[in-house]
Amino acid sequence: MPEDNTIRPEQMTTDEQLLQHKELARPQQPDSTIQTQAAVQTAEGIACPFCGTVNEPGAVFCLSCGKPLRMGACPNCGSEMEPDADFCEVCHHYIKTDVCSFCGAPLNGSEAYCSECGSPRGGIVCPTCHSLNDFAFCKQCGRPLTDEARQLAAEMSQRPEFQELVNLAREYEQLQLQVPFMSERDVVRDQMNQKLRERVLSLLAKDRGEAAETVKPVVSKRLSKEELGRQKNERLELLTRLLDSMALPPMPSPVKARNYAMAQKPLGIRLAWVCNYKHAIHSSPCGCAKPHMGGKWIVLGKNSKQEIKDDKS
């Protein structure tokens with residue numbers, strides 16, 4: 001019969017029982033956490049938690065994949081953030097105390113107004129939609145709120161590609177508002193309305209003693225459902241191509257990148273911002289933690305608001 005080596009509590013001394021109790025009460029770390037810590041704390045340097053590459057001890061970003069080796073935390077809500085992010089996408093707050101959110105100038109952390117652009121650190125209320133903004137362009141209506149933003153918007157409006165973008169956006173919105181002919185009956189009714197209009201205007205002209213020829217016929221701008229759809233798709237394709245060509249490349253300053261992208265946005269059309277940081281859809285670059293990584297505007301279709309990442313104010 002094999003020997004029973006099981007240690008029973010009644011056979012242990014008081015000190016042994018106390019030691020076992022402390023050992024069992026100690027919180028156990030998952031194997032993955034232990035392995036990660038062991039990997040990071042290598043004698044050779046810092047191991048990237050994403051790809052495993054060992055980097056120099058003082059490195060902030062991985063030499064291979066470019067991702068951060070250490071994560072920070074939002075001072076407002078405590079959410080995990082990358083070290084070069086200046087905006088928390090969880091609580092929607094600008095977190096940098098040493099950089100002006102309106103112009104990107106350095107701050108000492110105590111002044112109430114930026115010495116470079118004069119903007120208040122508490123934010124600017126948009127005079128159009130009355131929303132409070134941390135950035136130089138209104139996150140709701142896109143209006144420039146600082147002198148630098150107004151100058152940037154004026155410079156952008158003179159560029160040929162921006163003027164083409166505005167014209168295309170206007171044409172697309174007009175097509176969006178049109179009601180197409182749904183049947184042959186609609187075409188006949190529209191023709192009858194045109195004849196009635198010409199008849200009424202002719203009688204009014206005759207009452208005034210004017211020649212009936214002064215009444216000019218109006219050509220109907222209504223289109224068939226198929227033709228309207230074709231024209232809208234054509235404008236949408238041109239808009240998409242132009243917005244792609246105007247995509248924002250990576251820039252050193254998140255603030256400057258945010259302002260430049262907002263100056264590119266034409267008014268009167270529903271657009272969203274796709275960032276290169278997480279490839280998420282934002283209502284604008286004002287809701288992105290790292291707009292300096294680049295991104296582009298896209299045309300936002302109907303009933304697609306639920307796709308936007310940062311609908312909160």
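The values are calculated or read from the model by the stated rules, or taken from the named source; none is laboratory data. Just so it is clear, the structure is predicted and the values come from calculations on it, not from any experiment. Cβ coordinates were reconstructed from backbone atoms using ideal geometry, including for glycine residues, and neighbour counts include every protein chain displayed. The area values use the complete protein model at the heavy-atom level, side chains included, leaving out ligands, DNA and RNA. Shrake-Rupley method; radii C 1.70, N 1.55, O 1.52, S 1.80 Å.
Looking at region 80-99, which of its residues are assigned to a loop (DSSP other than H, G, I, E, B) and hydrophobic (A, V, I, L, M, F, W, C)? Break it down stepwise before answering.
Filtering region 80-99 down to residues assigned to a loop (DSSP other than H, G, I, E, B) leaves 82-86, 89-92, 95-98.
85, 90, 91, 95 - these are the residues of region 80-99 that are assigned to a loop (DSSP other than H, G, I, E, B) and hydrophobic (A, V, I, L, M, F, W, C).
When the residues of region 43-60 are filtered to those that are farther than 30 Å from residue 97 by Cβ and open to solvent by less than 50 Å² (accessible area, probe 1.4 Å), which remaining residue is modelled with the highest pLDDT? Spell out how you get there, then give the answer.
Within region 43-60, the subset farther than 30 Å from residue 97 by Cβ is 43-45, 47, 51-54.
From what's left, open to solvent by less than 50 Å² (accessible area, probe 1.4 Å): 45, 47, 52-53.
Numbers: 45: 83, 47: 85, 52: 83, 53: 88.
Among them, the one singled out is 53.
I'd like the full set of residues that are part of a loop (DSSP other than H, G, I, E, B), exposed (fewer than 15 other Cβ atoms within 10 Å of the Cβ) and in contact (Cβ under 8 Å) with a residue 12 or more places away in the chain, limited to region 123-147.
127, 128, 129, 141, listed by residue number.
Inside region 96-117, can you point out the residues that are crowded, with 19+ Cβ neighbours inside 10 Å and in contact with a Cys (Cβ under 6 Å, 6 or more places away or on another chain)?
100, 102, 103, 114
From the list 232, 312, 302, 216, exactly one residue is modelled with pLDDT under 95 and assigned to a helix (DSSP H, G or I). Which is it? Please lay out each step first, then the result.
Working: 312 fails: assigned to a helix (DSSP H, G or I); 302 fails: assigned to a helix (DSSP H, G or I); 216 fails: assigned to a helix (DSSP H, G or I).
The match here is 232.
Has region 61-70 got any residue that is at pLDDT 90 or above and either open to solvent by 60 Å² or more (accessible area, probe 1.4 Å) or over 24 Å from residue 138 (Cα atoms) (or both)? Lay out the reasoning, then the answer.
Looking only at region 61-70, we keep the residues that are at pLDDT 90 or above, and these are none.
No.
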